[in-house]
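Q: Structure provided below as structure tokens; questions to follow.
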Amino acid sequence: MSTGLIIAIVVVVAILLVLAVMAARKRKAERERERQRLSEQAGGHRQEADLHASKAQEHEETAQEAAERAERERRLSQRHGEKADDLEQKL
């Protein structure tokens, strides 16, 4: 093998190694950007989930208050009905 051919092979191998290292760094940077993007997106989803949970809690409390108010109104209505029945019986 001639010296020129050996030098050419070494240069080609060196170039291929440099290209492989550059490609690996590029892939690593792309993975890091994607990880960062997904992390930010997950944070946004987490905030939205917290907001929905907070609203659900508020709605649950409102519904509970409405149920309690309805029960008070039902008892009051029942008492008025009983009083009306008593008054009718006295007539």
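Every read-out reported here was derived from the displayed coordinates using simple, explicitly stated rules and does not represent laboratory data. Owing to the predicted nature of the structure, the values given are computational and were not obtained by experimental measurement. Cβ coordinates were reconstructed from backbone atoms using ideal geometry, including for glycine residues, and neighbour counts include every protein chain displayed.
Q: Run the numbers for Ile7 and Ala49: contour at 0.36 nm per residue of separation, minus the present Cα-Cα distance, in nm.
A: 8.9 nm
Q: Can I ask one more? Tally Lys and Arg at +1 and Asp and Glu at -1 over the other residues with C-beta under 12 Å from the C-beta of Ala20: what net charge comes out?
A: Numbers: positive: Arg25, Lys26, Arg27; negative: none.
Here the charged neighbours net out to +3.
Q: Based on the Kirkwood radius over alpha-carbon pairs, what is the Stokes-Einstein translational diffusion coefficient of the stretch 25-75 at 37 °C with 0.692 mPa s viscosity, in µm²/s?
A: In µm²/s, the coefficient is 231.
Q: If you don't mind, there's one more thing I want to ask. What number, rounded to the nearest 500 deg cm²/dmol, is the helix-based mean residue ellipticity at 222 nm of the chain, given -39500 (n - 2.57) per DSSP H run of at least four residues and division by all its residues?
A: Calculated from helices alone, the mean residue ellipticity at 222 nm is -37000 deg cm²/dmol.
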